[in-house]
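Worksheet: the structure to be examined is printed underneath.
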Amino acid sequence: MESFFNAEFVIRLFMALALGFFLGLERELTNKYAGLRTHILVCLGACIFTLLSIYGFPTYAQGDNIIIGNATGIRDTSRVAAQIVTGIGFIGAGTVLRNGPMVFGLTTAATLWIAASIGMACGAGMYGIAVIATVFSVAVLTLIRIFERQLLPSSGKHMRRCKITVYCNNSDTRQVYELLFEKVDNIRDFTSKKLIENPDKSKVTAIFDFSSKNLMKEIYNDLNESIINPVSVTLQELND
């Protein structure tokens, strides 16, 4: 029977935790819903299931067969570990979102899939593969993003959704409307409501997609120059 604290097992679990941390950190820094904790737990869980698959079911060999109590059969150490690939699909599916013709979250789902495979490699004691896979994965997530933004700036994957809110006098509402429709072609929503606490003021809200940060700066500067009242701008990225 294995010792309660098996040093080799602890090392494998720690490696899974550490490598899952690096994958999750990249997702966390890019503000994705599946971040540090999710990737660490997926990687660690895959490692544990792999360890259980290999060492968790006591058997002993006799020739080509394995005897378990009164039963005799061929040992299959991959049986439990094989289910990790199926199980991770349910978690990955939860990160994929559809917004009209656009689908988001596929990269995060793929990262969770990779995290599970790295955890399995750690559980099997294949540290070299686990470390190299982590380095390659982080490189793909960071360097390829830079490559796409530099050489493929017009790609639809770089679209960001912006919600802009303007507090202004009622007489300035039309001016805000005209300025936004002059700058942006794909405004998804535009609303104007009078403030209950101050009927002379209005809250104008517009939601639109854009790919250039320069456009956002232009709109912000134009609104500040045209409208005396403060302008509040919030951005939400929808790309993978």
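Summary table
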| read-out | value |
| --- | --- |
| Condition check for E182: of a type outside the set (A, V, I, L, M, F, W, C) and modelled with pLDDT of 80 or more | yes |
| Residue count, region 14-40 (criterion: buried (at least 17 other Cβ atoms within 10 Å of the Cβ) and of a type in the set (A, V, I, L, M)) | 7 |
| Where a residue in region 80-106 is on the phi > 0 side of the Ramachandran plot and its partner, wherever it lies, is part of a helix (DSSP H, G or I) and at pLDDT 75 or above, with Cβ under 9 Å and at least six apart | G105/G92 |
| Flag for V103 being under 30 Å from D209 (Cα atoms), at pLDDT below 85 and in contact with a Gly (Cβ under 7 Å, 6 or more places away or on another chain) | no |
| Any chance I11 is modelled with pLDDT of 90 or more and under 19 Å from F90 (Cα atoms) | no |
| Considering residues of region 16-52 that are at pLDDT 85 or above and among the hydroxyl-bearing types (S, T, Y) only, the residue farthest from V131 (Cα to Cα) | T38 |
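The values are calculated or read from the model by the stated rules, or taken from the named source; none is laboratory data. Predicted model only: the values in this text are computed from it and were never measured. In this analysis, Cβ positions are derived from the backbone assuming ideal geometry, glycine residues included, and neighbour counts consider all displayed protein chains.
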